[in-house]
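Here's the structure, in C-alpha coordinates; my notes come after.
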Amino acid sequence: EALGAAPEFSLDDFGGTPAPRGEVLLLNLRECQRLAAKHSRSFQNERESLYLSALSLTGDRHAYAPQLFARIAGSLRGTKDQSTGAVDSSGGVQKAWLWGLSSTVSIANTLLRSFTSNPQEVAASTISVAITQPLLRGFGPDIAGERLTQSERSVVYAVRSFEYARRTLAVDISQAYLRTIQLYDSVKNAA
(Lines give C-alpha, C1' and ligand atoms only; values in the text may rest on other atoms or scores of the structure.)
Protein backbone atom coordinates (compact mmCIF):
# COMPACT_ATOMS: atom_id res chain seq x y z
CA GLU A 1 0.00 0.00 0.00
CA ALA A 2 2.88 2.38 0.75
CA LEU A 3 4.32 1.93 -2.74
CA GLY A 4 1.00 2.13 -4.52
CA ALA A 5 -0.58 -0.29 -6.94
CA ALA A 6 1.77 -2.41 -9.03
CA PRO A 7 1.51 -1.71 -12.75
CA GLU A 8 0.26 -4.54 -14.89
CA PHE A 9 3.00 -6.49 -16.58
CA SER A 10 2.82 -8.47 -19.77
CA LEU A 11 5.46 -10.08 -21.93
CA ASP A 12 3.52 -8.88 -24.95
CA ASP A 13 4.78 -5.36 -24.15
CA PHE A 14 8.32 -6.63 -24.75
CA GLY A 15 7.81 -8.55 -27.97
CA GLY A 16 5.76 -11.43 -26.59
CA THR A 17 6.79 -14.74 -25.15
CA PRO A 18 9.58 -16.58 -26.88
CA ALA A 19 8.43 -19.21 -29.33
CA PRO A 20 9.29 -22.73 -28.16
CA ARG A 21 11.76 -24.57 -30.32
CA GLY A 22 11.36 -28.25 -31.00
CA GLU A 23 15.04 -29.01 -30.99
CA VAL A 24 17.10 -29.77 -27.91
CA LEU A 25 20.18 -27.66 -27.38
CA LEU A 26 23.14 -29.95 -26.73
CA LEU A 27 26.18 -28.47 -25.05
CA ASN A 28 29.52 -30.05 -24.44
CA LEU A 29 31.62 -29.31 -21.36
CA ARG A 30 33.80 -26.71 -23.10
CA GLU A 31 30.75 -24.79 -24.39
CA CYS A 32 29.19 -24.86 -20.90
CA GLN A 33 32.37 -23.41 -19.39
CA ARG A 34 32.59 -20.74 -22.09
CA LEU A 35 28.99 -19.66 -21.50
CA ALA A 36 29.46 -19.70 -17.72
CA ALA A 37 32.59 -17.52 -17.96
CA LYS A 38 30.76 -15.09 -20.22
CA HIS A 39 27.66 -14.77 -18.03
CA SER A 40 28.99 -15.27 -14.49
CA ARG A 41 28.78 -11.99 -12.59
CA SER A 42 31.36 -13.01 -9.97
CA PHE A 43 33.83 -14.09 -12.65
CA GLN A 44 33.33 -10.82 -14.56
CA ASN A 45 33.85 -8.88 -11.30
CA GLU A 46 37.17 -10.67 -10.77
CA ARG A 47 38.20 -9.90 -14.34
CA GLU A 48 37.31 -6.22 -13.92
CA SER A 49 39.16 -6.09 -10.61
CA LEU A 50 42.27 -7.44 -12.31
CA TYR A 51 41.91 -4.88 -15.11
CA LEU A 52 41.48 -1.99 -12.66
CA SER A 53 44.51 -2.97 -10.59
CA ALA A 54 46.61 -3.24 -13.77
CA LEU A 55 45.31 0.16 -14.87
CA SER A 56 46.29 1.63 -11.50
CA LEU A 57 49.79 0.16 -11.88
CA THR A 58 50.08 1.72 -15.34
CA GLY A 59 49.18 5.11 -13.88
CA ASP A 60 51.71 4.76 -11.06
CA ARG A 61 54.44 3.76 -13.52
CA HIS A 62 53.50 6.74 -15.70
CA ALA A 63 54.23 9.05 -12.74
CA TYR A 64 57.91 8.05 -12.98
CA ALA A 65 58.12 8.54 -16.75
CA PRO A 66 59.38 11.84 -18.18
CA GLN A 67 56.53 14.39 -18.31
CA LEU A 68 56.66 16.98 -21.08
CA PHE A 69 55.10 20.40 -20.60
CA ALA A 70 54.68 23.50 -22.73
CA ARG A 71 53.03 26.89 -22.38
CA ILE A 72 52.57 29.88 -24.65
CA ALA A 73 50.92 33.21 -23.85
CA GLY A 74 50.60 36.46 -25.74
CA SER A 75 49.48 39.96 -24.88
CA LEU A 76 48.90 43.26 -26.64
CA ARG A 77 48.81 46.54 -24.72
CA GLY A 78 48.87 50.18 -25.43
CA THR A 79 47.20 53.31 -26.58
CA LYS A 80 46.85 54.74 -30.08
CA ASP A 81 50.23 56.47 -29.73
CA GLN A 82 52.25 53.61 -28.31
CA SER A 83 51.49 49.91 -28.24
CA THR A 84 53.50 46.82 -27.37
CA GLY A 85 53.06 43.13 -27.89
CA ALA A 86 54.64 40.28 -25.97
CA VAL A 87 54.85 36.54 -26.48
CA ASP A 88 56.05 34.27 -23.68
CA SER A 89 56.66 30.59 -24.28
CA SER A 90 58.19 27.84 -22.20
CA GLY A 91 58.61 24.12 -22.40
CA GLY A 92 60.55 21.35 -20.84
CA VAL A 93 60.58 17.98 -19.21
CA GLN A 94 60.02 16.91 -15.62
CA LYS A 95 60.85 13.53 -14.14
CA ALA A 96 60.32 11.92 -10.74
CA TRP A 97 62.82 9.28 -9.70
CA LEU A 98 62.24 6.26 -7.49
CA TRP A 99 64.59 7.48 -4.76
CA GLY A 100 62.62 10.70 -4.25
CA LEU A 101 64.57 13.00 -6.56
CA SER A 102 62.64 15.19 -8.97
CA SER A 103 64.30 16.99 -11.84
CA THR A 104 63.08 19.63 -14.27
CA VAL A 105 64.72 21.07 -17.36
CA SER A 106 62.93 24.00 -18.98
CA ILE A 107 63.49 26.56 -21.69
CA ALA A 108 61.67 29.91 -21.69
CA ASN A 109 61.53 32.54 -24.43
CA THR A 110 60.18 36.06 -24.27
CA LEU A 111 59.69 38.32 -27.26
CA LEU A 112 58.64 41.95 -26.72
CA ARG A 113 57.91 44.27 -29.62
CA SER A 114 57.03 47.91 -29.61
CA PHE A 115 54.69 49.07 -32.41
CA THR A 116 55.48 52.77 -32.63
CA SER A 117 57.15 55.03 -35.17
CA ASN A 118 60.46 53.60 -33.91
CA PRO A 119 59.73 49.82 -33.61
CA GLN A 120 61.96 47.88 -31.24
CA GLU A 121 62.24 44.20 -30.44
CA VAL A 122 63.61 42.62 -27.31
CA ALA A 123 64.12 38.87 -27.05
CA ALA A 124 65.28 36.85 -24.06
CA SER A 125 65.80 33.14 -23.57
CA THR A 126 66.35 31.24 -20.36
CA ILE A 127 67.39 27.67 -19.72
CA SER A 128 66.87 26.37 -16.22
CA VAL A 129 67.61 23.09 -14.50
CA ALA A 130 66.09 22.26 -11.13
CA ILE A 131 66.88 19.21 -9.03
CA THR A 132 65.08 18.55 -5.76
CA GLN A 133 66.21 15.79 -3.42
CA PRO A 134 64.48 15.42 -0.05
CA LEU A 135 66.91 14.69 2.76
CA LEU A 136 64.49 13.49 5.44
CA ARG A 137 60.84 13.03 4.53
CA GLY A 138 60.27 11.06 1.31
CA PHE A 139 63.94 10.11 0.87
CA GLY A 140 65.01 6.78 -0.58
CA PRO A 141 63.45 4.19 -2.85
CA ASP A 142 61.70 2.39 0.03
CA ILE A 143 59.61 5.46 0.80
CA ALA A 144 59.39 7.30 -2.53
CA GLY A 145 58.65 4.10 -4.49
CA GLU A 146 56.18 2.62 -1.98
CA ARG A 147 53.13 3.53 -4.05
CA LEU A 148 54.57 1.80 -7.11
CA THR A 149 55.57 -1.24 -5.04
CA GLN A 150 52.08 -1.48 -3.55
CA SER A 151 50.50 -1.23 -7.02
CA GLU A 152 52.71 -4.06 -8.27
CA ARG A 153 51.71 -6.19 -5.28
CA SER A 154 48.04 -5.41 -5.87
CA VAL A 155 48.34 -6.67 -9.45
CA VAL A 156 49.95 -9.91 -8.23
CA TYR A 157 47.13 -10.38 -5.69
CA ALA A 158 44.51 -9.63 -8.34
CA VAL A 159 46.08 -12.16 -10.73
CA ARG A 160 46.01 -14.79 -7.99
CA SER A 161 42.41 -14.00 -7.15
CA PHE A 162 41.39 -14.10 -10.81
CA GLU A 163 43.12 -17.43 -11.36
CA TYR A 164 41.43 -18.85 -8.26
CA ALA A 165 38.03 -17.62 -9.52
CA ARG A 166 38.73 -19.09 -12.98
CA ARG A 167 39.64 -22.48 -11.57
CA THR A 168 36.73 -22.49 -9.14
CA LEU A 169 34.29 -21.65 -11.94
CA ALA A 170 35.74 -24.40 -14.14
CA VAL A 171 35.42 -26.99 -11.35
CA ASP A 172 31.89 -25.89 -10.41
CA ILE A 173 30.67 -25.97 -14.00
CA SER A 174 32.35 -29.33 -14.64
CA GLN A 175 30.70 -30.81 -11.53
CA ALA A 176 27.29 -29.43 -12.51
CA TYR A 177 27.71 -30.71 -16.06
CA LEU A 178 28.71 -34.20 -14.91
CA ARG A 179 25.83 -34.26 -12.38
CA THR A 180 23.43 -33.33 -15.17
CA ILE A 181 24.81 -36.10 -17.41
CA GLN A 182 24.50 -38.52 -14.50
CA LEU A 183 20.87 -37.52 -13.85
CA TYR A 184 20.10 -37.78 -17.57
CA ASP A 185 21.55 -41.29 -17.63
CA SER A 186 19.56 -42.24 -14.50
CA VAL A 187 16.30 -41.03 -16.09
CA LYS A 188 17.17 -42.77 -19.35
CA ASN A 189 17.96 -46.05 -17.53
CA ALA A 190 14.76 -45.86 -15.45
CA ALA A 191 12.60 -45.54 -18.55
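The values are calculated or read from the model by the stated rules, or taken from the named source; none is laboratory data. Remember, predicted model here, so these are calculated numbers, not experimental data. Heads up, the Cβs are rebuilt from the backbone with ideal geometry, glycines too, and the neighbour counts pull from every protein chain shown. The area values use the complete protein model at the heavy-atom level, side chains included, leaving out ligands, DNA and RNA. Shrake-Rupley method; radii C 1.70, N 1.55, O 1.52, S 1.80 Å.
Would you report the distance distribution of C-alpha pairs in the chain as whole percents per 5 angstrom bin, up to the bin with the largest distance? All Cα pairs, binned at 5 Å, distribute as 1, 6, 7, 7, 7, 7, 7, 7, 7, 7, 6, 5, 6, 5, 5, 3, 2, 1, 1, 0, 0, 0, 0 percent.
Label-to-label distance for Ala190 and Glu152 is 5.9 nm, based on points extended 7 Å past Cα in the beta-carbon direction.
Comparing Val93, Ala124, Ala170 along the charge dipole axis of region 64-173, the residue lying farthest to the positive side is Ala170, per the Cβ-charge model. Expressed as a whole percent, the accessible area of the chain that falls on carbon and sulfur atoms is 59 (1.4 Å probe). In the context of the full set of protein chains, region 58-119 has a per residue accessible area of 69 Å² (1.4 Å probe).
Computed over the chain, relative contact order equals 20 percent, with contacts defined as Cα pairs under 8 Å that lie 6+ residues apart.
Just subtract the alpha-carbon distance of Ser56 and Arg71 from 0.36 nm times their residue separation and send over the number in nm, one decimal. Taking 0.36 nm per residue and subtracting the Cα distance, the gain is 2.6 nm.
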